[in-house]
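Accompanying notes for the structure given below.
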Amino acid sequence: MRYLFPTLSMLLILAAPLQAAELGSLAECTTLVFKEISRTKKWSGKPPIGCPGKVNVEKRAAGVFVTAWVTESGGEGWVMTAFSTAAGYGELVDKKSLARATSDVLARAGRLERCLQSLKSENDPGECRNRATKSYLVGEVTGTEHEQLIWLEDNGRHAVVEYSYGDTSDTPFPPADLFEENGEGGWSLTQ
């Protein structure tokens, strides 16, 4: 009987979907992009060294919007984790403001990580708000896709997590928080 528990727990672990990327590493990637823009006044169009996945940067009216995401594939499907955040132009030109913004981004990512873990383990978003969708696809792309958007509703800095997974044969689209398709190229703050 005492051997039954380890066997059952191993089966549960093996049956679980692929694990998501660490949210902290994606948040750190976004702060590295902010630092690059602050230092050089432009974005190279390439993810900083050490970033675990893809990066998209958009210039907006009030500042810069950065999304970092990782898509992992496995035998039973795929998992995509994305983190999106923003920094104002004033924060990017002042070192002290940039340091405060970086600290804020990382703190918010930590709170969002706790919410994501709570959603995955207990189906409870904790202090966060979330929107979940489940799609059944038939046709050129067949399978099921699940998407969770998670954010803090405290009127603070924009910070959103997208956690998606599915067993569709196609790889997922870029994160839902991306509004423009052309954000992956390099650009300058003076353009």
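The values are calculated or read from the model by the stated rules, or taken from the named source; none is laboratory data. The shown structure was predicted, so the numbers you read here are calculated from the model rather than taken from an experiment. Positions of Cβ are backbone-derived with ideal geometry, glycine not excepted, and every protein chain shown enters the neighbour counts. Heavy atoms of the whole protein, side chains included, go into the accessibility calculation; ligands, DNA and RNA do not. Shrake-Rupley method; radii C 1.70, N 1.55, O 1.52, S 1.80 Å.
Contact map, segment 34-52: residues that are farther than 16 Å from ALA87 by Cβ paired with residues that are assigned to a loop (DSSP other than H, G, I, E, B) and of a type in the set (A, V, I, L, M, F, W, C), Cβ distance under 7 Å, separation 6+ or inter-chain. Pairs shown: PRO52/ALA21. Checked against the criterion of being buried (at least 23 other Cβ atoms within 10 Å of the Cβ) and over 30 Å from GLY166 (Cβ atoms), the candidates ALA87, ALA27, ALA99 yield just one match: ALA87. Being among the aliphatic types (A, V, I, L, M), modelled with pLDDT under 95 and within 26 Å of ASP154 (Cα to Cα) holds for only one residue in VAL105, VAL57, VAL33, VAL79, and it is VAL57. Within the option set THR67, THR144, THR71, being out of contact with any Asp or Glu (no Cβ under 9 Å at 6 or more places or on another chain) and either in contact (Cβ under 8 Å) with a residue 12 or more places away in the chain or not in a strand (DSSP E or B) (or both) holds for one residue only, THR71.
Within segment 137-155, the set of residues being more than 24 Å from the chain's Cα centre (by Cα) and either aliphatic (A, V, I, L, M) or at pLDDT 90 or above (or both) comprises VAL138 only. Of all the residues in segment 53-79, those that are of a type in the set (D, E, K, R) and crowded, with 19+ Cβ neighbours inside 10 Å number 1. Checking each residue in segment 30-43 for being open to solvent by less than 80 Å² (accessible area, probe 1.4 Å) and in a strand (DSSP E or B) picks out only TRP43.
Candidates are the residues of segment 143-169 that are charged (D, E, K, R) and more than 16 Å from GLU72 (Cβ to Cβ); the one that is least open to solvent (accessible area, probe 1.4 Å) is ARG157.
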